[in-house]
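In what follows, a structure is listed as structure tokens, so that the remarks can point back to it.
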Amino acid sequence: MASEKPLVAVTCTAPVNIAVIKYWGKRDEELILPINSSLSVTLHQDQLKTTTTAVISKDFTEDQIWLNGQKEDVGQPRIQACLREIRRLARKRRSTDDKDPPPLSLSYKVHVASVNNFPTAAGLASSAAGYACLAYALAQVYGVESDLSEVARQGSGSACRSLYGGFVEWQMGERADGKDSIARQVAPELHWPELRVLILVVSTEKKPTGSTAGMQTSVETSPLLKFRAEAVVPARMAEMTRCVKERDFQGFGQLTMKDSNQFHAICLDTFPPISYLNDISRRIIHLVNCFNTHHGQTKVAYTFDAGPNAVIFTLDNTVAEFVAAVRHSFPPESNGDKFLKGLPVRPALLSDELKAALGMDPTPGGIKYIIATQVGPGPQILEDPHAHLLGPDGLPKPAA
């Protein structure tokens, strides 16, 4: 007969974030400390999120983890670092609450299951959402209430920025132990309600050079990177913060594009050079420039991370026209009805002047699909027990 088992299960969701001032390069590989500060926009979880269930039980014999239904190696150094850090914080919290002895649950093993509602490793910042979600879920089951920047950062540097909604800065910090290298919110999610985000998915394949290896090579070989960190980023952080606070789209958009360009220039300055952009990416840059020139102002802005997909920022009154321009320049091959995912966008007609201004031959199928989204909140706890990805036995529930 099964006895009642002490078992704690928590399910959380966490968002993807997109850096507008880029993080590229660590000053400490072990602690994942960046050589420059960065600033990002948290995307809405209705469109992009990681969901993670963590379960601890006295009956588990080892830590185990499943990602998108596949059992993964829990011994991966970054997963281990997160687990180690959260258990350290839990012990520390218990030893300061001297009233009661530390609960046995601190020695319990944990089972974790995580799923993304978007392609992993397609350059859609899946590791940031994944490790933020892991840190948040582990903190819930182990009863940790302190700042989780450090835990998430041990998994993936940019993950600390996914611990908050809205607009978030990751302060590089000064200390060798990294205690001051933390994320903080610059403005909340509802601060700029007109802002919209379009993700133009160019490729769903895994990228050739992962970002961890890429940025390490850049630190070792790119003189531009050192110049960027020391002479460029500090002023850009201040300027970007101002643009966000004042909701200055012109300034925000231009600086976002310039910083993306500089990041990719550093990739080319790395030896051997790294190229994350492909021909379609470059055509998107051209499209954005033509669109803005036609309107005589910055109405849309692109940014690219370590992959070919474009993230476009614009305001709600420009979305329909820009999506029409994308459809014109990159006619959907077969999935006309599934080309646009996420927030609804009303169809719009392009003026002949704008069509002429775009002045390039269409590239059919160049963009696989568009995800329309907006700024969103930080991690959430799902109260509904049906949301758990693991059953009472601590194993993944069969897919419904």
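The values are calculated or read from the model by the stated rules, or taken from the named source; none is laboratory data. The shown structure was predicted, so the numbers you read here are calculated from the model rather than taken from an experiment. Positions of Cβ are generated from backbone atoms using ideal geometry, with glycine treated the same way; all protein chains shown enter the neighbour counts. Remember, those area values only see protein heavy atoms, side chains included, never the ligands or the DNA or RNA. Shrake-Rupley method; radii C 1.70, N 1.55, O 1.52, S 1.80 Å.
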* Asked: With the contact rule set at Cα under 8 Å and sequence spacing of 6 or more, what percent relative contact order holds for the stretch 115-224?
  -> 22 percent
* Asked: In whole Å, what three semi-axes, largest first, describe the equivalent ellipsoid of the stretch 156-258 built from its Cα gyration tensor (square root of 5 times each eigenvalue)?
  -> 24, 20, 16
* Structure fact -> From DSSP H assignment alone, runs of 4+ in the chain each adding -39500 (n - 2.57), the sum over residues rounded to the nearest 500 puts [θ] at 222 nm at -10000 deg cm²/dmol
* **Extension gain (nm, one decimal) between LYS338 and HIS191, 0.36 nm per residue minus Cα-Cα** => 49.9 nm
* Structure fact -> Between the residues SER95, VAL141, GLY378, the Cα farthest towards the positive end of the dipole of the chain, that dipole coming from +1 and -1 charges on the beta-carbon of Lys, Arg, Asp and Glu, is from SER95
* Sparse-neighbourhood loop sites, trypsin sites (Lys or Arg not before Pro) in the stretch 310-373 - DSSP loop, at most 10 other Cβ within 10 angstrom -> LYS338
* To do: Taking only Cα atoms and a 10 Å spring cutoff, compute GNM fluctuations for the chain and point out the largest among ALA137, ALA14, ALA187.
  => ALA187
* Asked: Once a ≥ b ≥ c are taken as the square roots of the eigenvalues of the Cα gyration tensor of the stretch 228-288, is the result rounded (a/c under 1.5), prolate (a/b larger than b/c) or oblate (a/b not larger than b/c)?
  -> oblate
* Give the peptides 214-227, 150-163, 268-281, 47-60 in descending order of average Cβ contacts within 10 Å, highest first. => 150-163, 47-60, 214-227, 268-281
* **Percent carbon-and-sulfur accessible area, the chain, ignoring ligands, DNA and RNA, probe 1.4 Å** => 54 percent
* Structure fact -> The alpha-carbon center of the stretch 162-201 and that of the stretch 302-374 are separated, in whole Å, by 26 Å
* Asked: Size of the stretch 103-201 along its principal axes in angstrom, Cα-based, largest extent first?
  -> 49, 34, 25
* Structure fact -> Most packed first (mean Cβ within 10 Å per residue), the peptides 127-133, 373-379 order as 127-133, 373-379
* To do: Report the relative contact order of the chain, percent, no decimals, based on alpha-carbon pairs under 8 angstrom and at least 6 residues apart.
  => 23 percent
* Asked: Which whole-Hz couplings ³J(HN,Hα) result when phi for each residue of the stretch 29-40 is put into the Karplus expression 6.51 cos²θ - 1.76 cosθ + 1.60, θ = phi - 60°, listed in order with x for Gly and Pro?
  -> 5, 5, 8, 6, 10, x, 8, 8, 6, 9, 9, 9
* Asked: What order do you get for 66-76, 17-27 when each peptide is scored by the mean count of other beta carbon atoms within 10 Å, highest first?
  -> 17-27, 66-76
* Starting from the Cα coordinates of the stretch 344-398, work out the convex hull volume and express it per residue in Å³. => 206 Å³
* To do: Kindly report the accessible area of the chain per residue (heavy atoms of protein chains, probe 1.4 Å, no ligands, DNA or RNA), in Å².
  => 44 Å²
